[in-house]
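Okay, structure first, notes after.
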Amino acid sequence: MKSHWSDEEAARYVTRYAQQGVNADIALRVYTSRLLGRDPALVLHGGGNTSVKTSVPDHLGRPTDVLCVKGSGWDMAEIEPAGHPAVRLAPIVELRALSKLSDEDMVNIQRCNLLDSAAPNPSVETLLHAFLPHKFIDHTHSIGVLAVADQPNGGDLCRALYGKRMGYVPYIMPGFLLAKKAAEVYEADPTVEGLILEKHGIFTFGDDAKQAYERMITHVSTAEERLQKARKAVFTPAPLPKQSASAADIAPILRGLLARDGAKPMVFDFRTNADVLNYVNGADVARYSQVGVVTPDHTIRTKNWPLVVPAPDAGDLAAFKAGAAKAIDLFVAKYHAYFAKYNKHQDPPKTELDPLPRVILVPGVGLFGLGANKSAAKIASDIAESTVRTITDAEAIGIFECAPETDLFDMEYWSLEQAKLGKAKEAKLARRVVAVTGGASGIGLATAKAFKAEGAEVAILDLPGEGLTSAAAKLKCAAIACDVTDIASVKAAFAKIAESFGGIDILVSNAGKAWQGKIGTVDEQVLRDSFELNFYGHQRVSQAAVEIMGKQGFGGVLLYNVSKQALNPGPNFGPYGLPKSAALSLMRQYALDYGAEGIRANAVNADRIRSGLLTDAMIADRSKARGLSQQEYMGGNLLAKEVSADDVAQAFVSLALAEKTTGAILTVDGGNMAAAVR
Ligand code: ZN
């Protein structure tokens, strides 16, 4: 591991933040925190923390000694000065005189001493930083250090490696007691450059930002070098099926099996590479993957153990499903037993969390991270990947061992985490995966946006190109290239959805294009082209969606944009209206054939929406032909109001939420009796 410190870059931080009234200590604290935070071998997702002791003016302008320490909710990779809230130092240092202090009281006292009442909660490791005298203190959960420390003889290995340069702190849950113990270890030998926290991580100290940071790099490098010595080859692979199923094949099966006992569906995130495969394919994976987390705060994101399912044979998914169901039963039973065992000693008793896994290891395929949304799923799979590296290294030099289960329970059921339970209300469409075809513009884009606003995970499907990528980037959702007139493209797109999210819940089949021509003379090819897109396009994506929904087994929603042409055809619009009428029948057929599976099918009949189908030039022509202003033309309905793409989008969302409605058409046209459903 190399130091990325640069004198020039450090000077730029100092200058840039000075313009915002931030002192040099804090500017440099931001600089090296980012250096640490950007290396996943050191820190992941809000893990780790850093601090600086400095002086800032209080509200009367008097210099005040403070500890600026990482605030909860901030990620070091992107941290700003506001991510290091200032806490008055003297009052929190005095706490050391106490013999005990609850986490709630500790958080309260820390908050009472903030200079800014709106600042985030200072890190749970604040007192550890405060009780040590050093100006700069850095803390990471380095993979290299953990691979050495997470051993039955981890303490001895670390002592052999670092000697007197580091102090050694036995495992204690983060909080007041750990802070006191760390200070005692330091005071026993004030020449140490940092502390190794057994089964947890590493702290380094410095008089300045560079020294603390570079000591971190040096000591982590020492651990990494040790891991390269006397290494044995791991892991011995277990036999695999000749042809493994793909992640896309099995994700919907797993997602369906986990939506059990009324549990809401999870969102998945898939990872695979040579290291992951080497790990999940190991004959001994049921041992080394089930020991526990590599550092206790991971348990809040991943639970203590991943679920291991059988290797899926592409030719026998039914056997995989049966094996996976059994593995899930065992996982859930084990989790309930773990909770019961440790909750017995709790006063007051804890509230049991859901017993479902957050990481699934699939031999021959890779791993899935799971969560209530895509970002939680990604965090779980990032941590799982880092766990793969740590345990692989640990096993290469010895045997992986982590903090005892009772400590992991204390972390998972930490009172501060329990206090958050049930407080965050989930959005209406949270955990739901939505695919919108023709999603890069017009009604499709507005619909993607509306579903996103309801908390859904959205994939925009459209023809490949700049339009698709920029729309998805703007909406912060997935871009999946899909030509609905090409069966191979549709299959690939839906496999991508299943792999990326674990499955699909709602399809908005919206892609379409208007062809015109007088029906008696129109070229047959025009009609065929229109049917290809405006009818078969809907059919292809519907088939692909119901296949995934069938594997999940908990229903789904198909929504179609059928247009007014299906109900109230316009002159010379046959090439567009005919396939749209067929698409309306298609919706009814899916409602009929799939109702028993809980799959609902509904359509929106929209009219006169400014879009790629009805361009500004067309609006100008038509209003002129009728002797109307454009405004009169567009508002030519009972409500005399122009209808927008957002209005149509809301109709799709309403139909997705209407749990007892199937085979229905919802009209969004401002009122037009000629196009009314009859
Ligand atoms: Zn830590």
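The values are calculated or read from the model by the stated rules, or taken from the named source; none is laboratory data. Being a predicted model, the structure only gives us computed values, none of them experimental. FYI the Cβ positions are ideal-geometry reconstructions off the backbone, even for glycines, and counts take in every protein chain you see. For the accessible areas, the whole protein counts, side chains as well, though only heavy atoms, and no ligand, DNA or RNA atoms are used. Shrake-Rupley method; radii C 1.70, N 1.55, O 1.52, S 1.80 Å.
Computing the accessible area with a 1.4 Å probe over protein heavy atoms, can you report the carbon and sulfur percentage for the chain?
Of the solvent-accessible surface of the chain, carbon and sulfur hold 53 percent.
Once every DSSP H run of n ≥ 4 in the chain is given -39500 (n - 2.57) and the sum is divided by its residues, what mean residue ellipticity at 222 nm do you get, rounded to the nearest 500 deg cm²/dmol?
Numbers: 26 runs with 297 residues, N = 678.
Roughly -13500 deg cm²/dmol at 222 nm, from the helical runs in the chain.
Just add up the charged neighbours of residue 167: K/R +1, D/E -1, any other residue whose Cβ is under 14 Å from the Cβ of residue 167.
Values: positive: 159, 164, 165, 180, 181, 215; negative: 184, 187, 189, 193, 198.
Local net charge: +1.
Based on the mean of other Cβ atoms within 10 Å per residue, sort peptides 325-332, 55-62, 545-552 so the most packed one is first.
Details: 325-332: 16.1, 55-62: 10.4, 545-552: 21.5.
For the peptides 325-332, 55-62, 545-552, the packing ranking is 545-552, 325-332, 55-62.
Count charges around residue 13 for me, please; just the other residues with Cβ under 15 Å from its Cβ, Lys/Arg as +1, Asp/Glu as -1. List each step's numbers first, then the result.
Values: positive: 12, 16, 29, 34, 38, 210; negative: 7, 8, 9, 25, 78, 80, 208.
Summing Lys and Arg as +1 and Asp and Glu as -1 gives -1.
Amide H to amide H, which residues 5 or more places from residue 482 or on other chains are under 5 Å from it, using H placed in the peptide plane?
462, 463
So if each residue of separation counts as 0.36 nm, and I subtract the Cα-Cα distance between residue 488 and residue 4, what length gain in nm does that give? Before the final figure, lay out the partial values.
Details: separation 484, 0.36 × 484 = 174.24 nm, distance 4.63 nm.
Contour length minus Cα-Cα distance gives 169.6 nm.
Report, to two decimal places, the Cα Rg of the range 45-114 normalised by 2.2 N^0.38 Å (N = number of residues). Walk me through the numbers before you get to the answer.
Working: Rg = 13.1 Å, N = 70, 2.2 N^0.38 = 11.1 Å.
Relative to the rule-of-thumb radius for its length, the range 45-114 sits at 1.18.
For the range 360-501, what relative contact order do you get, as a whole percent, if you take Cα pairs closer than 8 Å and at least 6 residues apart? Walk me through the intermediate numbers first.
On the way: 159 pairs, mean separation 20.4, N = 142.
It comes to 14 percent, rounded to a whole number.
Have a look at the range 424-501 and give its Rg and Dmax from the Cα atoms, expressed in angstrom.
So, for the range 424-501, Rg and Dmax equal 12.2, 43 Å respectively.
Report the Cα centroid-to-centroid distance between the range 37-95 and the range 343-405 in angstrom, as an integer.
28
Between the range 511-539 and the range 103-160, what's the alpha-carbon centroid distance in Å?
65
Kindly identify the range 8-50 as rounded, prolate or oblate by the Cα gyration tensor criterion: order the square roots of the eigenvalues as a ≥ b ≥ c, call it rounded if a/c is under 1.5, otherwise compare a/b with b/c, prolate if a/b is larger, else oblate. Kindly include the intermediate steps, with their values, before the conclusion.
On the way: a/c = 3.37, a/b = 2.18, b/c = 1.55.
Verdict is prolate for the range 8-50.
Each label point is 7 Å from the Cα along the Cα-to-Cβ direction; what then is the distance between the points at residue 345 and residue 529, in nm?
7.5
Once you order the gyration tensor axes a ≥ b ≥ c over the Cα atoms, which shape class does the range 568-678 get: rounded for a/c under 1.5, otherwise prolate or oblate by comparing a/b with b/c? Write down the numbers at each step before the final one.
Numbers: a/c = 2.59, a/b = 1.86, b/c = 1.39.
Prolate, because a/c is 1.5 or more and a/b exceeds b/c.
Over all distinct Cα pairs, what is the inverse of the mean 1/r for the range 198-313, reported as the Kirkwood hydrodynamic radius in Å?
Values: mean 1/r = 0.0555 Å⁻¹.
Computed over Cα pairs of the range 198-313, the Kirkwood hydrodynamic radius comes out at 18.0 Å.
For the chain, what class follows from the C-alpha gyration tensor (a ≥ b ≥ c being the square roots of its eigenvalues): rounded when a/c is under 1.5, otherwise prolate if a/b is larger than b/c, else oblate?
Prolate shape, in that a/c is at least 1.5 and a/b is the bigger ratio.
Around residue 312, under 10 Å between beta carbons, what's the net of Lys plus Arg minus Asp minus Glu among the other residues?
Here the charged neighbours net out to -2.
For the range 7-227, just the Cα set please: Rg and Dmax, both in angstrom.
Just the Cα atoms of the range 7-227 yield Rg and Dmax of 16.7, 54 Å.
Given a cut-off of under 8 Å on Cα pairs at least six residues apart, what relative contact order in percent is computed for the chain? Mind showing how you got there, number by number?
Details: 1320 pairs, mean separation 67.0, N = 678.
For the chain, the relative contact order is 10 percent.
If the cut-off is 24 Å between C-alpha atoms, which lysines fall inside it for residue 551, apart from same-chain ones fewer than 8 positions away?
The reachable lysines, counting only those whose Cα sits under 24 Å from residue 551, are 242, 264, 321, 326, 374, 378, 428, 491, 496, 660.
With r defined as the distance between the Cβ atoms of residue 20 and residue 284 and R0 fixed at 51 Å, what FRET efficiency is calculated, to the nearest 0.05? It would help to have the intermediate numbers written out before the result.
Values: r = 54 Å, r/R0 = 1.05.
Calculated value: 0.45.
Based on the mean of other beta carbon atoms within 10 Å per residue, what is the order of 275-282, 626-633, most packed first? All intermediate terms of the calculation are to be shown ahead of the outcome.
Numbers: 275-282: 20.5, 626-633: 12.6.
Ranking, from highest mean packing down: 275-282, 626-633.
Cα extents of the range 247-418 along the three principal axes, largest first, in whole Å?
That works out to 51, 44, 27 Å along the principal axes.
Could you report the chain's accessible area per residue, 1.4 Å probe, as an integer in Å²? Walk me through the numbers on the way to the answer.
Numbers: 28700 Å² over 678 residues.
Spelled out: the 1.4 Å probe surface of the chain, per residue, equals 42 Å².
How big is the convex hull of the Cα atoms of the range 148-224, per residue, in Å³? Spell out each step's value before the answer.
Numbers: hull volume 6.6 nm³, N = 77.
Value for the range 148-224: 85 Å³ per residue.
Give the peptides 516-522, 397-403 in descending order of average Cβ contacts within 10 Å, highest first.
Working: 516-522: 12.0, 397-403: 20.1.
Top of the packing list down: 397-403, 516-522.
State the extension gain, in nm to one decimal, for the chain segment bounded by residue 80 and residue 417, taking 0.36 nm per residue of separation less the distance between their alpha-carbons. Before the final figure, lay out the partial values.
On the way: separation 337, 0.36 × 337 = 121.32 nm, distance 2.48 nm.
Net length gain for the segment: 118.8 nm.
Among the helices of the chain (complete DSSP H runs), which have Cα atoms covering no less than 27 Å along the helix axis and a Kyte-Doolittle mean of at least -1.0?
Details: long enough: 209-227 (28 Å, -0.73); 317-343 (38 Å, 0.40); 374-397 (35 Å, 0.09); 574-594 (29 Å, -0.11).
Answer set is 209-227, 317-343, 374-397, 574-594.
So, in nm, how far is label residue 624 from label residue 316 when the simple model puts each one 7 Å beyond its Cα toward the Cβ?
Here the modelled spin labels are 7.1 nm apart.
When every alpha-carbon pair in the range 389-441 is counted, what percent end up more than 15 Å apart? Mind dumping the intermediate values first?
On the way: 1014 of 1378 pairs.
That fraction is 74 percent.
Tell me, what are the semi-axes, in whole angstrom and largest first, of the equivalent ellipsoid of the range 511-562 as set by the roots of 5 times the Cα gyration tensor eigenvalues? Present the calculation step by step, with values, prior to reporting the outcome.
Numbers: eigenvalues 197, 19, 8 Å².
In descending order, the three semi-axes are 31, 10, 6 Å.
Name the long-range amide H neighbours of residue 316: under 5 Å, sequence gap of 5 or more, or other chain; modelled H, no Pro or chain starts.
Here nothing satisfies the definition.
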